[in-house]
Structure formats: structure tokens, C-alpha cells
Amino acid sequence: MGQYANALQATLARIAAAERAAGRPPASVRLLAVSKTFPAEAVRAVYALGQRAFGENYVQEASAKLALLADLRDIEWHMIGPLQGNKARIAAASFGWVETLDRPDIAQRLSAARTGAQPPLDVLVQVNVSGEATKSGVAPGEAPGLAQIVASLPRLRIRGIMGIPAPTSDPGQLRAQFRQLRGCYEACRAAGLPVDTLSMGMSADLEIAIEEGATEVRVGTSIFGPRPAR
């Protein structure tokens with residue numbers, strides 16, 4: 001527990017310092033703890049420290065953790081990995097958020113699978129801002145249109161934009177990619193969509209992401225430590 005307490009507090013302190021440096025209000029950026037590949041016991045320990053939102057990449061792995069942590073009623077699970085059509089039904093039943101929507105047919109499957117007994121599923125459109133063939137996401141110009149489709153579907157709630165810039169040691173190149181993601185978010189707002197979340201920035205670059213407008217940063221290694229091999 002002590003290991004996680006120190007790491008979580010250090011991460012929250014980094015976020016708070018970045019908010020101040022950027023002239024942002026306190027608590028304007030929320031932390032998503034990326035728990036993919038880490039055991040349920042690690043999630044429970046970080047939850048006990050006050051963290052509530054956790055991100056998972058793999059539907060099957062997450063389903064096992066959800067079962068083990070079912071007693072944590074207010075935990076918030078975010079899907080942050082690529083979502084295949086055949087996993088949409090399980091994702092719609094299990095997660096509170098899907099941050100990686102990149103196709104209309106997946107949106108339709110999520111909408112159909114989400115039951116009326118559940119609150120609407122919160123959705124972010126993933127944008128492939130780097131243009132890498134290995135990354136999921138729509139082209140920046142397609143993001144507002146896909147967000148409009150999500151907003152039109154029952155049992156889904158469009159919340160904003162998510163992106164993963166290409167790894168680079170050039171802060172200028174990184175900043176340009178974050179600004180492009182911010183542009184997608186602002187285009188959704190200009191279209192009248194009720195978006196409030198711009199998910200970008202991770203352990204290594206969260207300060208730049210916050211300066212460029214992130215409202216959520218996704219942090220795993222800085223909290224949980226080095227990721228175990230799958």
C-alpha cells in the first residue's frame with residue numbers, strides 16, 4: 001500500500017502543479033489510473049487510497065477484474081484499448097466509459113447492447129492524430145461526424161475526444177499533436193455537442209498535455225510501476 005500511496009500522491013501532485021503552471025483551475029484535470037495487466041489486488045489498493053477511475057485495454061482481462069472487485073460499487077471502469085465488434089456486447093455491459101470508439105458500427109453495437117437499466121454509456125471518439133497505421137482512431141477531420149453519430153444513438157452519451165500521439169522526444173512535435181486533438185474537441189463543441197472530456201497525456205508527457213487543454217490524463221506506470229509482461 002505504501003508503494004502505491006507515494007506513487008499516487010506524486011502523480012496527483014504533478015497534475016496539480018501542471019494545472020497551476022497552465023493557469024487552469026484546481027481539479028480541472030482528472031486522473032485515469034491505467035490498471036491494464038495489473039492484478040485486481042493492485043486496483044483494490046489504489047482504490048483504497050481514493051482513486052475511483054481505472055482504465056483497461058482488454059475486455060476479457062477486465063471482466064475477470066470486475067468480478068473480483070464487484071464489491072467496490074463506485075469504481076469507474078474505462079475501456080481504453082481497441083474495441084472489436086465481437087466484444088462490444090461485453091464492453092457495453094461491463095464498462096462505464098468507452099474511450100476508443102472509432103467506427104459507427106461499433107457505436108451502434110454498443111447502443112444496442114446497453115440495457116435500459118444502466119445509465120448511458122459515456123463515449124469518447126478516438127482520433128489517430130499521428131496517422132500511424134498501427135494505431136486505432138479516426139482521422140481528425142472525421143471526429144466531429146462520428147461524435148454526431150454517437151450523440152444520435154440511444155443509451156450512449158458523447159463526452160469528447162481521446163488520442164495517443166506518436167512517441168517522440170521532440171516537445172514541439174508532441175505539442176502540435178496535442179493541439180490537433182484539442183482542435184477536434186473544439187470542433188465538437190462548435191457543432192453544439194455536449195462534450196466535456198479531452199483525454200490525452202500519459203506518465204511521460206502529462207504536463208504538456210495539461211498545458212494544451214487535457215481534462216483527463218491516463219497514467220499507469222507512474223502509479224503501478226513497470227508493467228508485467230503479458
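The values are calculated or read from the model by the stated rules, or taken from the named source; none is laboratory data. This structure is a prediction, so every number in the text was calculated from the model and none was measured. Counting neighbours? That spans all protein chains shown, and the Cβs are built from the backbone with ideal geometry, glycine included.
Given Gly183, Gly172, Gly201, Gly213, which one is part of a loop (DSSP other than H, G, I, E, B) and farther than 16 Å from Ala33 by Cβ? Show your work before the answer.
Details: Gly183 fails: part of a loop (DSSP other than H, G, I, E, B); Gly172 fails: part of a loop (DSSP other than H, G, I, E, B); Gly201 fails: farther than 16 Å from Ala33 by Cβ.
Going through Gly183, Gly172, Gly201, Gly213 in turn, just one is part of a loop (DSSP other than H, G, I, E, B) and farther than 16 Å from Ala33 by Cβ: Gly213.
Within region 207-219, which residues are in contact with a strand residue (DSSP E or B) (Cβ under 7 Å, 6 or more places away or on another chain) and either surrounded by fewer than 23 Cβ atoms within 10 Å (Cβ to Cβ) or acidic (Asp, Glu) (or both)?
Once the filter is applied, which keeps residues that are in contact with a strand residue (DSSP E or B) (Cβ under 7 Å, 6 or more places away or on another chain) and either surrounded by fewer than 23 Cβ atoms within 10 Å (Cβ to Cβ) or acidic (Asp, Glu) (or both), region 207-219 yields Gly213, Thr215, Glu216.
Condition (residue is within 15 Å of the chain's Cα centre (by Cα) and within 20 Å of Gly213 (Cα to Cα)) applied to region 137-157: is it met by at least one residue?
Filtering region 137-157 for residues within 15 Å of the chain's Cα centre (by Cα) gives 137, 157.
Narrowing further to those that are within 20 Å of Gly213 (Cα to Cα): 137.
For region 137-157, residues within 15 Å of the chain's Cα centre (by Cα) and within 20 Å of Gly213 (Cα to Cα): present.
Looking only at region 1-60, count how many residues are loosely packed, with under 13 Cβ neighbours inside 10 Å and either of a type in the set (A, V, I, L, M) or within 27 Å of Ala88 (Cβ to Cβ) (or both).
Of the residues in region 1-60, 8 are loosely packed, with under 13 Cβ neighbours inside 10 Å and either of a type in the set (A, V, I, L, M) or within 27 Å of Ala88 (Cβ to Cβ) (or both).
Within region 151-162, can you find the residues that are surrounded by fewer than 22 Cβ atoms within 10 Å (Cβ to Cβ) and either in a strand (DSSP E or B) or of a type outside the set (Gly, Ala, Ser) (or both)? Can you show your working first?
Step one: of region 151-162, the residues surrounded by fewer than 22 Cβ atoms within 10 Å (Cβ to Cβ) are 151-155, 157.
Leu153, Pro154, Arg155, Arg157, listed by residue number.
Pairs under 9 Å by beta carbon, first residue in contact (Cβ under 8 Å) with a residue 60 or more places away in the chain in region 2-24, partner of a type in the set (Lys, Arg), six or more apart or different chains?
Close Cβ pairs (under 9 Å, with a partner that is of a type in the set (Lys, Arg)) amount to Ile15/Arg30; Ala18/Arg24.
Note down all Cβ pairs under 8 Å where the first residue falls in region 48-77 and is part of a helix (DSSP H, G or I), the second is of a type in the set (Phe, Trp, Tyr) and surrounded by 18 or more Cβ atoms within 10 Å (Cβ to Cβ), and they're at least six residues apart or on different chains.
Ala62/Trp77; Ala62/Phe95; Leu66/Trp77
Whether any residue in region 89-99 is part of a loop (DSSP other than H, G, I, E, B), acidic (Asp, Glu) and either modelled with pLDDT of 95 or more or buried (at least 17 other Cβ atoms within 10 Å of the Cβ) (or both) is what I want to check.
At the first step, the residues of region 89-99 found to be part of a loop (DSSP other than H, G, I, E, B) are 95-96.
Cutting the leftovers down to acidic (Asp, Glu) gives us none.
Within region 89-99 (the criterion being part of a loop (DSSP other than H, G, I, E, B), acidic (Asp, Glu) and either modelled with pLDDT of 95 or more or buried (at least 17 other Cβ atoms within 10 Å of the Cβ) (or both)), the answer is no, since none of the residues qualifies.
Residues Ser28, Ser63: which one is among the small types (Gly, Ala, Ser), farther than 21 Å from Gly137 by Cβ, modelled with pLDDT under 95 and in contact with a helix residue (DSSP H, G or I) (Cβ under 7 Å, 6 or more places away or on another chain)?
Exactly one of Ser28, Ser63 is among the small types (Gly, Ala, Ser), farther than 21 Å from Gly137 by Cβ, modelled with pLDDT under 95 and in contact with a helix residue (DSSP H, G or I) (Cβ under 7 Å, 6 or more places away or on another chain), namely Ser63.
Looking at Gly213, Gly225, Gly220, Gly201, which is the one that is farther than 20 Å from Ala17 by Cα and among the small types (Gly, Ala, Ser)?
Working: Gly213 fails: farther than 20 Å from Ala17 by Cα; Gly220 fails: farther than 20 Å from Ala17 by Cα; Gly201 fails: farther than 20 Å from Ala17 by Cα.
Only one candidate passes the filter, namely Gly225.
Between Pro165, Pro194, Pro226, which is exposed (fewer than 14 other Cβ atoms within 10 Å of the Cβ), in contact (Cβ under 8 Å) with a residue 24 or more places away in the chain and part of a loop (DSSP other than H, G, I, E, B)?
Numbers: Pro165 fails: exposed (fewer than 14 other Cβ atoms within 10 Å of the Cβ); Pro226 fails: in contact (Cβ under 8 Å) with a residue 24 or more places away in the chain.
Result of the check over Pro165, Pro194, Pro226: Pro194.
Based on this model, can you work out whether Glu132 counts as assigned to a loop (DSSP other than H, G, I, E, B), out of contact with any helix residue (DSSP H, G or I) (no Cβ under 8 Å at 6 or more places or on another chain), surrounded by 13 or more Cβ atoms within 10 Å (Cβ to Cβ) and among the acidic types (Asp, Glu)? I'd like the intermediate steps shown before the answer.
Numbers: assigned to a loop (DSSP other than H, G, I, E, B): yes; out of contact with any helix residue (DSSP H, G or I) (no Cβ under 8 Å at 6 or more places or on another chain): yes; surrounded by 13 or more Cβ atoms within 10 Å (Cβ to Cβ): yes; among the acidic types (Asp, Glu): yes.
When the stated conditions are applied, Glu132 passes them.
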